[in-house]
1. Could you say which residue among 59, 27 is touching a strand residue (DSSP E or B) at 6+ places or on another chain (Cβ under 9 Å) and closer than 25 Å to residue 183 by Cα?
2. What is the number of the single condition among (1) farther than 25 Å from residue 358 by Cβ; (2) in contact (Cβ under 8 Å) with a residue 24 or more places away in the chain that residue 157 does not meet?
3. Regarding segment 397-413, can at least one residue be identified that is at pLDDT 95 or above, surrounded by 17 or more Cβ atoms within 10 Å (Cβ to Cβ), not in a loop (DSSP other than H, G, I, E, B) and not assigned by TED's automatic domain parsing to the domain that holds residue 103?
4. Can you tell me which residue in segment 336-357 is surrounded by the most Cβ atoms within 10 Å (Cβ to Cβ), limited to those that are in contact with a strand residue (DSSP E or B) (Cβ under 6 Å, 6 or more places away or on another chain) and either modelled with pLDDT under 95 or in a loop (DSSP other than H, G, I, E, B) (or both)?
5. Among the residues of segment 435-445, count how many are under 17 Å from residue 103 (Cβ atoms) and exposed (fewer than 14 other Cβ atoms within 10 Å of the Cβ).
6. Got a sec? Which of 311, 360 is over 19 Å from residue 395 (Cβ atoms), outside the structural domain of residue 235 (by TED's automatic domain parsing), surrounded by 16 or more Cβ atoms within 10 Å (Cβ to Cβ) and touching a residue at least 60 places away in the same chain (Cβ under 8 Å)?
7. Scanning for something assigned to a loop (DSSP other than H, G, I, E, B) and over 20 Å from residue 296 (Cβ atoms), does segment 249-259 turn up at least one residue?
8. Report those strands (runs of 3 or more DSSP E) wholly inside segment 122-172 carrying at least 2 residues which are assigned by TED's automatic domain parsing to the domain that holds residue 201 and closer than 22 Å to residue 85 by Cβ.
C-alpha cells in the first residue's frame, strides 16, 4: 500500500510541474518570411516542422509597428500609451542610446510574475526598453541578461554598440556576425542549468533588423541575400534549442512561442505577403505578425488559430500557466488565451476590440473580422503616418487581408459599433494630444550615463 502511495505522489508531483516557457522574438521579421507562413525564398525547415507539431496563429498582433513600444506591451500586457512608452523623450518612436526614459520599474513584467512562482528567468538578446541601470532586464524580473540593449544600428562614435552581461558592458563595439550563435549558446546553457526547475527564456533576436549580419556559416547560403541568410540562421538556431529540450527530456514540459516585434520594412528581402503595408504603419503588414506555438501533447499538432490574439496576452497567459494572476492594482489590456493555445473546442478571442496606434494617434480598430481605419483630421509628421483627409475605411479581414476593398458605405452598423470602441480607447488611452484617464507614467532619470566599456 505504501508503495502505491509513493508512486501516486511521484506521479502527482510530475504532472504538477509548471511548464517551461520559451519566447523567441524576432526583430522586423515579415509575416511572409518563413515557410509555414508562405515564404518560398527562405528555407525554414525547423519552423515549418514546429508548425506541423504545433499551432499557427494567423491573426496575431503586436501593438506597434516599431521596436520599443511593441516590446513594452509584450512584457507588461499593456498598450504602449497606457505606459507612456509610445514615444521617447523627444517625441520619436523608439528609445535611443543614453535615453532618460525607460520602462517604469513600478510596472509589473511577466518575468517578475514568473519569478515569484519559482521560475528561473533570463533575457538573451535585444532589450530596447531603456539602457539606464534601473531600466535594464535585471531590474525587471530577469535573473540575468546577455545582449545588445537596443537596435543594432544604434552604435555611435562616442557610444560604440555594446554587449552587456547583466548590467555591465563586456564588449564595445560588439562583433555582430557571431551574435545569433552566441545568443543560442547562452540559451542552451540556461536550459541545461535550470532543467530541474521551471524556467522562462526570453530570446529577442537581433535578426533581421538592418544592417544585416548573418553568421559566417550562413553567408551566401540562401536564395534571398543576407536577409534570407539571417532568417535561415535563426531557423537553424531554433532547431538547436528544440533539440536541447529533447536531449534534456524537457520537450513535453515546454511551451515554445516564435513570433516578431513588428512587420518587415519590405526591403532588402523582407515580405509581409499577403498583407498590406510594412513596418511602421498601422496597416496589417506593420502590426500583424507570424506566430507559431509548440507544446507536445498539449497543443494540437498541425493546427491553425484565426482568432484575434496579441503579444498583450503573453503576460496573463503565462501567469495562468504558472498558477498565478496579474495584480488587480495595475490595469492591463491583455487576456488569458490558454484555451486558444490549447485548441479548446469553441474557444473565441477574448478581445472585444483591438486598437492600432501610430505613436500618439489612434488610427484603426479591429473587432472580430472587421477593421475600421479612422479618418485623420490633421497631417501627422511621421514615418508612414496617415495624411490629412484620409477617408474612413472598413475592411473584412477574413476575406481581404490586403485591405483593398473599402466597405465603409455598406455596413453603417459595423461602422458605428467600431467607432464606439474607438471612443472608449480615446477616453482610456488617449489619442493625439488628448490624455487618457488610464495612462501611467514611464520611467525617468534626471541624468543619464552612456553604456561604455570600463577599462
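The values are calculated or read from the model by the stated rules, or taken from the named source; none is laboratory data. Since this is a predicted model, take the numbers as computed values, not measurements. Glycine also receives a Cβ, built like all others from the backbone with ideal geometry; neighbour counts cover every protein chain displayed.
1. Values: 59 fails: closer than 25 Å to residue 183 by Cα.
None of the other options fit; the residue is 27.
2. It is condition (2) that residue 157 fails.
3. no
4. Per the criteria, the residue is 337.
5. So the count comes out to 1.
6. 360
7. No: segment 249-259 contains no residue that is assigned to a loop (DSSP other than H, G, I, E, B) and over 20 Å from residue 296 (Cβ atoms).
8. 144-147
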